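What follows is a single structure, written as structure tokens, with notes after it.
The values are calculated or read from the model by the stated rules, or taken from the named source; none is laboratory data. Note that the structure is a prediction, hence the values are computed from the model and not measured. No Cβ is skipped: glycine too gets one built from the backbone with ideal geometry, and neighbour counts run over all protein chains shown. To get the accessible areas, we keep the full protein, side chains included, count just its heavy atoms, and leave off ligands, DNA and RNA. Shrake-Rupley method; radii C 1.70, N 1.55, O 1.52, S 1.80 Å.
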Amino acid sequence: MKTDVKLPIGIEDFEKIRTEGFYYVDKTELIKELLNHWGEVNLFTRPRRFGKSLNMSMLKCFLEYGCNPELFKGLEIAKDHELCERYMGKFPVISITLKGVGSRDFEGARAMLRSIIGNEALRFLFLRNSEKLADSERQQFKQLITLDLENQQGFIMPQEVLIDSLRTLCALLHKHYGQKVILLIDEYDVPLDKAQQFGYYDEMIDLIRSLFGQALKSNSSLYFAVLTGCLRVSKESIFTGLNNPKIFSITNVRFDEQFGFTDEEVGAMLEHYGLSDKLETFRRWYGGYYFGHADIYCPWDVINYVDLLLSEPDASPRSFWINTSGNDVIRHFVRMAKPGAKKEIELLVAGENVLKKISQDLTYRDLYSDTNNLWSVLFATGYLTRRGKVEGTVYPLAIPNLEIRQIFIEQILEWFHDEVGRDSLRLDAFCAAIQKGDARAVEQQFNMYLARTISIRDTNVQKNKKENFYHGILLGLLSHQEDWYISSNMESGNGYSDILIELEEESIGIVIEVKYPDNGDLESGSDEALAQIEGRGYDEKLKMDGMGTILKYGIACNRKRCRVKVDNGKHAGK
């Protein structure tokens, strides 16, 4: 066990990882595969946080003039001496990432694009005085790096110069070095995603199409280009006219192990840090993806959970991926889902497959136009994965792991609370029934709410996880009463009660325990919940806080049915 080796959380710089003593999962086989099978334009599509940017940094470090061979010492690529001799450090490389091109308006996004390309051009400042360039060519370079110092508006770069900027830089480097250029463009589709969100899509698609058209079509100074992104957007005509661009998506066998971690790689990392006994937990929470023919884990999750366990050995797994995005795709999907799609979501959350026609030629313009498109987006972006045999374009889809399942459930609950929140009169009636101890009315209305949501019925999920789902629904409904003091999982008596409520003015305390009987026996489940409240003294805190009347609710739920019993001296609901 070598816990002194640092974990590269958030580090996408290959050189920094290799020189600063960070743990590195060797993906240099990608270099060999690419150089043996490259096309003029090569596009890799993978979900976010699967190592695209780090692999692009690795390519740059290997191919660019001035390469430090020590960076690759001991790695797989170093074994191929002939390939290293032919390609290592032999090219001028232009490398940009478009992940930062996001703004609420087109002008802001265009300024960001100017800044990214202008700053990359500044890496080649020697071109300003290159004797191999003509005066007119040196003037072209000056246009790429000129700043608006007077107004402090960043790079000036007029529109026509911006559109031609990557092609121009390729041509200048080619002439200076006498060697064609390798062009790396990371996260090429982020500007389109942001533009779609903020309403300037048409302007951005025109700009990106023109920029890429100049750089990637008939560019005599280009050796080859590599692009990465989440989605393939060929319907946008960004790549129209290219000479057979090679597209390597999550369905391709080639490069299937080069983005994300394999089971073997995760096992080796856990062994290194003395966590081998946690492999099954990592597999259930962060694995489950199927790229090409390979079983893959999300590297962002694996690294973050290893880091957490090193400081908190007993820490439970948690969602790390969800914090890197707003998960808008699932939010739109759940909210747009019609009854048939809601049934399919229930199957997915239950750990089952659904068969769907998948299109890998997507368009951001039509992303949210209907749920059929969203199935394809969920697949491409890692919220769903393939399970089983593909028939033509019909894929058996499933949720890959417990982390993504949790994201689905959170979005389901958020959608449900928004939906029911529109009917305040019905919510008032539900809360009034809770306050009165009217178990029959509570049961009737809660059953109605359950009929409207998406049920949780996965037999492979622990019982307490199912109970937490109904617990979450109840909390959302009860939070409608802003003057109620509501606490969840509060220590009281000899344990932690599900829900405690205090109505100070009325001196009423309410304790609620939720059960999920797997056998569907709601009657016994509600009795068990009441017995637990009594046996563990969950009402102790309410008594200590001076509540004069205390209502104890035992609620049993199974799929879209519930049974409610209350101990208020009358045992209503029996």
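Please compute the net charge surrounding residue 522, taking Lys and Arg as +1 and Asp and Glu as -1 over other residues with Cβ under 11 Å from its Cβ.
0
Is any residue of segment 249-275 close enough, with backbone N under 17 Å, to a label point placed 7 angstrom from the Cα of residue 37 along the Cα-Cβ axis, and if so, which?
249-260
Between Rg and the Kirkwood Rh of segment 69-221, both from Cα atoms, what is the Rg to Rh ratio?
Rg/Rh: 1.03.
Viscosity 1.567 mPa s, temperature 4 °C: Stokes-Einstein D of segment 458-551 from its Kirkwood Cα radius, in µm² per second?
Rounded to a whole number, D works out at 93 µm²/s.
Taking Rh as the Kirkwood radius computed over C-alpha pairs, what is the Stokes-Einstein D of segment 378-494 at 20 °C in a medium of viscosity 1.002 mPa s, expressed in µm² per second?
Result for D is 128 µm²/s.
For the pair residue 536 and residue 338, what calculated FRET efficiency results from E = 1/(1 + (r/R0)^6), where r is the Cβ-Cβ distance and R0 = 56 Å, to the nearest 0.05?
Calculated transfer efficiency: 0.80.
Can you tell me the accessible area per residue over segment 394-459, all protein chains present, probe 1.4 angstrom, in square angstrom?
Per-residue accessible area for segment 394-459 comes out at 38 Å².
I need the trypsin sites (Lys or Arg not before Pro) found in segment 1-89, filtered to DSSP loop residues with at most 12 other beta carbons within 10 Å of theirs.
2, 73
Averaged per residue, what accessible surface does segment 473-574 expose to a 1.4 Å probe, in Å²?
That works out to 46 Å² for each residue.
What number results when the radius of gyration of the chain, computed over Cα atoms, is divided by 2.2 N^0.38 Å?
Relative to the rule-of-thumb radius for its length, the chain sits at 1.17.
At 20 °C and a viscosity of 1.002 mPa s, what translational diffusion coefficient does Stokes-Einstein give for segment 295-452, taking Rh as the Kirkwood radius over Cα pairs? Give it in µm²/s as a whole number.
Stokes-Einstein gives a translational diffusion coefficient of 118 µm²/s.
How large is the direction-averaged shadow of the alpha-carbon convex hull of segment 61-101, in nm²?
The directionally averaged projection comes out at 3.6 nm².
Please list, ordered by chain and number, the residues whose modelled amide H lies under 5 Å from the amide H of residue 551; skip anything fewer than 5 residues away on the same chain.
Amide H neighbours of residue 551: 509, 510, 511.
Name the aspartates and glutamates eligible as straight-distance cross-link partners of residue 541: C-alpha to C-alpha under 18 Å, and not fewer than 8 places from it in the same chain.
Straight-line reach from residue 541, under 18 Å: 491, 498, 502, 504, 505, 506, 513, 567.
Amide H of residue 252: which non-local residues (sequence gap of 5 or more, or other chain) have their own amide H closer than 5 Å, using H built in the peptide plane?
Under 5 Å from the amide H of residue 252: 292.
At 7 Å along Cα-to-Cβ for each site, give me the label-to-label distance between residue 315 and residue 390 in nm.
It is 3.6 nm.
Using 0.36 nm per residue of separation minus the Cα-Cα distance, give me the extension gain between residue 506 and residue 491 in nm, one decimal.
Taking 0.36 nm per residue and subtracting the Cα distance, the gain is 3.1 nm.
What is the magnitude of the charge dipole of segment 1-74 about its Cα centre, with +1 placed on the Cβ of each Lys and Arg, -1 on the Cβ of each Asp and Glu, and no other charges, expressed in debye to the nearest 20?
300 debye
Exactly which GluC sites (Glu not before Pro) in segment 112-164 are in a DSSP loop and have at most 11 other Cβ atoms within 10 Å?
Sites meeting the loop and neighbour criteria: 131, 150.
For the charge dipole of the chain, defined by +1 on Lys and Arg C-beta atoms and -1 on Asp and Glu C-beta atoms about the Cα centroid, which residue among 409, 176, 156 has the Cα displaced farthest towards the positive pole?
The one lying farthest along the dipole's positive direction is 176.
Could you work out, for segment 248-381, what percent of all Cα-Cα pairs fall into each 5 Å distance bin, beginning at 0 Å and stopping at the bin that holds the largest distance?
2, 9, 16, 18, 18, 16, 11, 7, 3, 1
Share of Cα-Cα pairs in segment 128-286 beyond 18 Å, in percent?
The proportion of pairs with Cα distances above 18 Å equals 71 percent.
Divide by every residue of the chain the summed helix terms, -39500 (n - 2.57) for each DSSP H run of at least 4, and state the resulting mean residue ellipticity at 222 nm, rounded to the nearest 500 deg cm²/dmol.
-13000 deg cm²/dmol
For residue 180, go through the aspartates and glutamates and keep the ones whose alpha-carbon is under 14 Å away, minus same-chain ones fewer than eight residues off.
Straight-line reach from residue 180, under 14 Å: 40, 64.
With every protein chain present, what accessible area does residue 198 have (1.4 Å probe, heavy atoms only), rounded to the nearest 10 Å²?
80 Å²
Here are some pairs, 194/338; 27/90; 60/246; which of them have Cα atoms lying more than 25 Å apart in this structure?
Check vs 25 Å cut-off fails for 194/338.
Heavy atoms only, probe 1.4 Å: what % of the accessible area of the chain goes to carbon and sulfur, would you let me know?
45 percent
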